[in-house]
Amino acid sequence: MVGHWWDWTPHPSGAEYTLGVEEEVMLLHPEDWSLAQQIDLVMDALPEDLAGHVTAETHKSALELATGVHEGAAAIHGELADHRRRLSTELEAIGLRAAGAGTHPFAVWQETVVSSGQRQQAVYGSMRELARREPTFALHVHVGVPDPDRAICIADRLRVHLPLLLALSANSPFWQGRDTGLASARTPLFQAFPRVGIPRAFHSYEEYVSVVDLLIRCDAFPEPTFLWWDVRPQPVFGTVEVRIMDAQAGVRETVALVALVQCLARLEGEEGFAPEAAIEAPEILDENRFLGARDGVEGRLVDPVEQRRVPVPELVTRLLVAARPHAQDLGCEAELGEVERLLARPGQARQLEAARGSGQLPGLVRELAEEFVAES
C-alpha cells in the first residue's frame, strides 16, 4: 500500500542527529574553465557504484554528489573526500573537471541548458525561462530526527541560525564575470525561484502538513521537494534539511559546516537555545539573511534581544561555546574547530584574492578545481 507524502521515515536504527550531505558540483572544460553542459555524458561514464551517489541537477553543467547516512562528521569527511577523488578521476577520463563554489564566476545565462530529466523538465515547465538563469551550487545537510514534531521544533529554531550559516559559507562573490560586492551572489540569484528563503515557523507537524498538502492538492507544485526553503523537513528521509549554504571549494570547509549544523540541531533539540524573540521575528530573520549574503563574516546581524547589530565573529564565538558540549557528545570537536578557519579565511575572500592573480577569473576556476580534490 502506497503511503502519504507526509509519512515520517526515520533511520531504521532509530539514531538521532545522524548526518547525510549533498553538495552541488559544477562541471568544467579545463581548456578555458567554462561550464561544461555535459551531465548526460558524465552519467553514462560513471561506474554503477559511484553513479548511485550522483544525480543530475536542473542545469546540464551541474550534478549533485550525495553521501550515505553517518553518525558523525568524520565519516562524512571520509566519504565525501573519496567521492570527490573518484568523480574527478572519471571526469578527467572524458576531458572534464569539477569544482565547488556558490556560482561559476563568469558563466552567463545564454549558455545555460536545462537538463532533460523528468524532474528537471518539470522545473522548467513551472519556472519557464527563470530556470535558465546561471546555475547556482549549494551545500545541503540532513540531520536525522526520529519524530516529526520534534523535527518541526528543531527546524523552527534552526531558522534563527540560518543567516549565520550563510555568512560563514558565503563563497560566490562573482556573477557574469563581475565582482558583485556580495559575499554570496548565489543567494539573490536563487531567490528568483518561488518557495525559497526562510520559511515561517510551523510549531507542529500537523500544521506543516496541512499547509503543504493544500498546495499540493491544488496543483501549485507536484510534491514537497519543490519547496526550496532554506530549511525544511524531509519526511521520506526522516530528516531536517538545511539548504542555505554555498557549496565549498574544499572538503575541510564543507565538513566544518556539516559539524556546525549537526551541533546546532542537537543544541536546539536538547536545550532550545534560540530566543523566542528571534524565532517569532521573520522580518529580522529576512534582514539578517540579506546581511549574511551581502557581507559574509564581515557582517553584523540584528540581535532582537539586545536590539543592536552584532558582528558575525562575535555571534560565531558565542555559538561555538554553546555547541562545544554537543560536539563532545557527537564526536566532532575537531571538525567543529575548523569553523574558526572559515572566519579567518572565508571562501569569498579566497576567491577575490585568487582572481587578482595573473590568471584572473579562469585562473580562479582552475584553483577551485584543484582544491576540489586537494584535501582528504
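The values are calculated or read from the model by the stated rules, or taken from the named source; none is laboratory data. Fair warning: this is a prediction, and the values are worked out from it, not measured in the lab. When we count neighbours, we look across all protein chains shown, and the Cβ atoms used for this are built from the backbone with ideal geometry, even at glycine.
Quick rundown of the values:
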{"quantity": "In the range 53-70, the residues that are at pLDDT 95 or above and out of contact with any strand residue (DSSP E or B) (no Cβ under 6 Å at 6 or more places or on another chain)", "calculated": "68"}
{"quantity": "Total residues in the range 321-376, condition among the charged types (D, E, K, R), in a helix (DSSP H, G or I) and in contact with a Gly (Cβ under 7 Å, 6 or more places away or on another chain)", "calculated": "2"}
{"quantity": "Enumeration of residues in the range 184-202 that are at pLDDT below 95 and assigned to a loop (DSSP other than H, G, I, E, B)", "calculated": "191, 192, 193, 194, 195"}
{"quantity": "Top-ranked residue in the range 138-167 [being of a type in the set (Gly, Ala, Ser), part of a helix (DSSP H, G or I) and within 26 Å of residue 57 (Cα to Cα); ranked as farthest from the chain's Cα centre (by Cα)]", "calculated": "155"}
{"quantity": "From the options 14, 100, 68, residue that is in contact (Cβ under 8 Å) with a residue 40 or more places away in the chain and buried (at least 18 other Cβ atoms within 10 Å of the Cβ)", "calculated": "100"}
{"quantity": "Flag if residue 254 is out of contact with any Gly (no Cβ under 6 Å at 6 or more places or on another chain), more than 13 Å from residue 155 (Cα to Cα), hydroxyl-bearing (Ser, Thr, Tyr) and buried (at least 20 other Cβ atoms within 10 Å of the Cβ)", "calculated": "yes"}
{"quantity": "Residues of the range 35-90 satisfying the condition of being over 22 Å from residue 370 (Cα atoms), among the aliphatic types (A, V, I, L, M) and part of a loop (DSSP other than H, G, I, E, B)", "calculated": "69"}
{"quantity": "In the range 305-316, residue farthest from residue 285 (Cα to Cα) [restricted to those that are surrounded by 13 or more Cβ atoms within 10 Å (Cβ to Cβ) and of a type in the set (Val, Ile, Thr)]", "calculated": "316"}
{"quantity": "Residue within the range 237-246 that is surrounded by fewer than 22 Cβ atoms within 10 Å (Cβ to Cβ), closer than 30 Å to residue 326 by Cα and touching a Phe, Trp or Tyr at 6+ places or on another chain (Cβ under 8 Å) present", "calculated": "yes"}
{"quantity": "First in the range 316-332 and in contact (Cβ under 8 Å) with a residue 24 or more places away in the chain, second anywhere and hydrophobic (A, V, I, L, M, F, W, C) and not in a helix (DSSP H, G or I), Cβ under 8 Å, 6 or more apart", "calculated": "322/273"}
{"quantity": "Residue list for the range 183-233, restricted to those being touching a residue at least 12 places away in the same chain (Cβ under 8 Å) and basic (Lys, Arg)", "calculated": "186, 195, 200, 232"}
{"quantity": "Test: residue 274 is in a helix (DSSP H, G or I) and either under 30 Å from residue 215 (Cα atoms) or not aromatic (Phe, Trp, Tyr) (or both)", "calculated": "no"}
{"quantity": "Flag for residue 297 being within 17 Å of residue 161 (Cβ to Cβ), at pLDDT 95 or above and surrounded by 19 or more Cβ atoms within 10 Å (Cβ to Cβ)", "calculated": "yes"}
{"quantity": "Odd one out for residue 302, checked against (1) part of a helix (DSSP H, G or I); (2) surrounded by 16 or more Cβ atoms within 10 Å (Cβ to Cβ)", "calculated": "(1)"}
{"quantity": "Number of the condition not met by residue 277 [criteria: (1) within 15 Å of residue 244 (Cα to Cα); (2) touching a residue at least 24 places away in the same chain (Cβ under 8 Å)]", "calculated": "(1)"}
